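**Student:** This is the structure, below, for whatever I ask next.
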Amino acid sequence: MSKILNGTELADFIKERQAAQVRSLRGRKLFPKLSIIYDNDSPVIAKYMTLKEQYGGDINIDVEITKINKDNAEQEMTRVANDPNIHGVIVQLPLKEVDNSILEMIPLEKDVDGLREQSDTATAMAIHWLLTSYGVELQKSKLAIVGQGKLVGRPLTKMWRESNYDITTFDKGDDLNELINYDVVVTATGVPGLIKSSMLKQGATVVDAGTASEGGVIKGDLDEEVRERKDLTLTPKVGGVGPLTIAMLFERVLQATEKSKA
């Protein structure tokens, strides 16, 4: 059986500390609140919003979810931007009808997802947390990132390049058979089954951060045969990057709440 990069286990430790922080904040009459904005009814988005709402409930942080459309998007974004009782704002991507330009309406101090690209995204940070927590020596590894999306590929590339890691990026149309030369592979394309076992070297560490809905089932980028290998270190189908991303989001909500009254 593959070695598992268990994000749920790490997130549970973080959650305990965060719950204690929330109790302390509430004792000081500070009530952390997260606003999630969306316009897309895809099952992937619904799943992630539910998980965030549940996590917030577990640590006693209020989570408000608002659906927008072309007509009210600017009005709703202005509302959450100006509400002093809202400390974090997430626009759940991808948007379906509303233009991505509304991301610029998120105040920097409330941009807990890092969508305005002024800070690392929560997902990129979660991947870094996950690998370093399991002792993966990134500085000594050849790293590959497959996909250059706004949430994972681009920000993770930027973060790791700034750390002077040995990194190569792959995107649509590139020869993914070249991945056989890399020690650590992070994939986030949203193309189910894209990464085949034959593409991965013996003993590689693989993080699957891709999400897509296929027949109502959320799937990652890894082909099923990859999970049959015993030499790899892998994120599980469920409970890899996702739980740590959510933990990182709420970490930033807590930080924003502290700063709001500084």
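The values are calculated or read from the model by the stated rules, or taken from the named source; none is laboratory data. Since we're looking at a predicted model, the values are computed, not measured. FYI the Cβ positions are ideal-geometry reconstructions off the backbone, even for glycines, and counts take in every protein chain you see. Accessible surface areas use protein heavy atoms only, side chains included; no ligands, DNA or RNA. Shrake-Rupley method; radii C 1.70, N 1.55, O 1.52, S 1.80 Å.
**Student:** Give the residue that is least open to solvent (accessible area, probe 1.4 Å), with candidates limited to residues of the range 226-246 that are among the aliphatic types (A, V, I, L, M) and in a loop (DSSP other than H, G, I, E, B).
**Tutor:** Per the criteria, the residue is 232.
**Student:** Restricting to the range 30-46, name every residue that is β-branched (Val, Ile, Thr) and modelled with pLDDT of 95 or more.
**Tutor:** 36, 37
**Student:** How many residues, within the range 57-82, are among the charged types (D, E, K, R) and touching a Ser or Thr at 6+ places or on another chain (Cβ under 8 Å)?
**Tutor:** The first filter runs over the range 57-82 and keeps only residues among the charged types (D, E, K, R), leaving 58, 62, 64, 67, 70-71, 74, 76, 79.
Subsequent filtering for residues that are touching a Ser or Thr at 6+ places or on another chain (Cβ under 8 Å) retains 64, 76.
Number of matching residues: 2.
**Student:** Identify the residue in the range 128-141 that is small (Gly, Ala, Ser) and part of a loop (DSSP other than H, G, I, E, B) and, among all such residues, is most open to solvent (accessible area, probe 1.4 Å). Outline the logic, then answer.
**Tutor:** At the first step, the residues of the range 128-141 found to be small (Gly, Ala, Ser) are 133, 135, 141.
In the following step, the residues that additionally are part of a loop (DSSP other than H, G, I, E, B) were identified as 135, 141.
Values: 135: 55, 141: 18 Å².
Out of the qualifying residues, it is 135.
**Student:** Looking at the range 1-49 only, could you name the residues that are of a type in the set (Phe, Trp, Tyr) and closer than 20 Å to residue 136 by Cα?
**Tutor:** 13
**Student:** Please find, within the range 203-216, the residue that is most open to solvent (accessible area, probe 1.4 Å) out of those that are in contact (Cβ under 8 Å) with a residue 60 or more places away in the chain and closer than 22 Å to residue 129 by Cβ.
**Tutor:** 211
**Student:** I've got another one for you. Among all residue pairs at least 6 apart or on different chains, which show Cβ distances below 8 Å where the first residue, located in the range 136-150, is without any contact (Cβ under 8 Å) to a residue 24 or more places away in the chain and the second is open to solvent by 30 Å² or more (accessible area, probe 1.4 Å) and in a loop (DSSP other than H, G, I, E, B)?
**Tutor:** 148/171
**Student:** Please work out if residue 219 is without any contact (Cβ under 8 Å) to a residue 40 or more places away in the chain, out of contact with any Phe, Trp or Tyr (no Cβ under 6 Å at 6 or more places or on another chain) and surrounded by 17 or more Cβ atoms within 10 Å (Cβ to Cβ).
**Tutor:** Details: without any contact (Cβ under 8 Å) to a residue 40 or more places away in the chain: yes; out of contact with any Phe, Trp or Tyr (no Cβ under 6 Å at 6 or more places or on another chain): yes; surrounded by 17 or more Cβ atoms within 10 Å (Cβ to Cβ): yes.
Judged against the criteria, residue 219 is a match.
**Student:** Does any residue of the range 160-177 turn out to be open to solvent by 50 Å² or more (accessible area, probe 1.4 Å), in a helix (DSSP H, G or I), at pLDDT 95 or above and of a type in the set (Lys, Arg)?
**Tutor:** There is at least one residue in the range 160-177 that is open to solvent by 50 Å² or more (accessible area, probe 1.4 Å), in a helix (DSSP H, G or I), at pLDDT 95 or above and of a type in the set (Lys, Arg).
**Student:** Also, I was wondering about something else. Does any residue of the range 181-190 turn out to be among the acidic types (Asp, Glu) and either open to solvent by 70 Å² or more (accessible area, probe 1.4 Å) or touching a Gly at 6+ places or on another chain (Cβ under 6 Å) (or both)?
**Tutor:** So the first thing to find is which residues in the range 181-190 are among the acidic types (Asp, Glu), and the list is 183.
Applying the additional criterion that residues be either open to solvent by 70 Å² or more (accessible area, probe 1.4 Å) or touching a Gly at 6+ places or on another chain (Cβ under 6 Å) (or both) yields none.
Scanning the range 181-190, I find no residue that is among the acidic types (Asp, Glu) and either open to solvent by 70 Å² or more (accessible area, probe 1.4 Å) or touching a Gly at 6+ places or on another chain (Cβ under 6 Å) (or both), so the answer is no.
**Student:** Consider only pairs whose beta carbons are under 9 Å apart and that are at least six residues apart or on different chains; among these, list those whose first residue lies in the range 249-261 and is part of a helix (DSSP H, G or I) and whose second residue is open to solvent by 70 Å² or more (accessible area, probe 1.4 Å).
**Tutor:** Short answer, once both residue conditions are applied: 256/109; 257/31; 259/109; 260/84; 260/109.
**Student:** Can you give me the ranges of the strands (runs of 3 or more DSSP E) entirely in the range 1-113 with at least 1 residues that are open to solvent by 50 Å² or more (accessible area, probe 1.4 Å) and in contact with a Leu (Cβ under 8 Å, 6 or more places away or on another chain)?
**Tutor:** 62-67
Conditions tested, residue by residue: (1) small (Gly, Ala, Ser); (2) at pLDDT below 95; (3) within 17 Å of the chain's Cα centre (by Cα); (4) closer than 20 Å to residue 3 by Cα.
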residue	(1), (2), (3), (4)
182	no, no, no, yes
186	no, no, yes, yes
192	no, yes, no, no
196	no, no, no, yes
199	no, no, no, yes
226	no, no, no, yes
239	yes, yes, yes, yes
250	no, no, yes, no
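**Student:** The conditions are (1) part of a strand (DSSP E or B); (2) more than 17 Å from residue 221 (Cα to Cα); (3) not polar (S, T, N, Q), and residue 144 fails exactly one of them. Which is it?
**Tutor:** (2)
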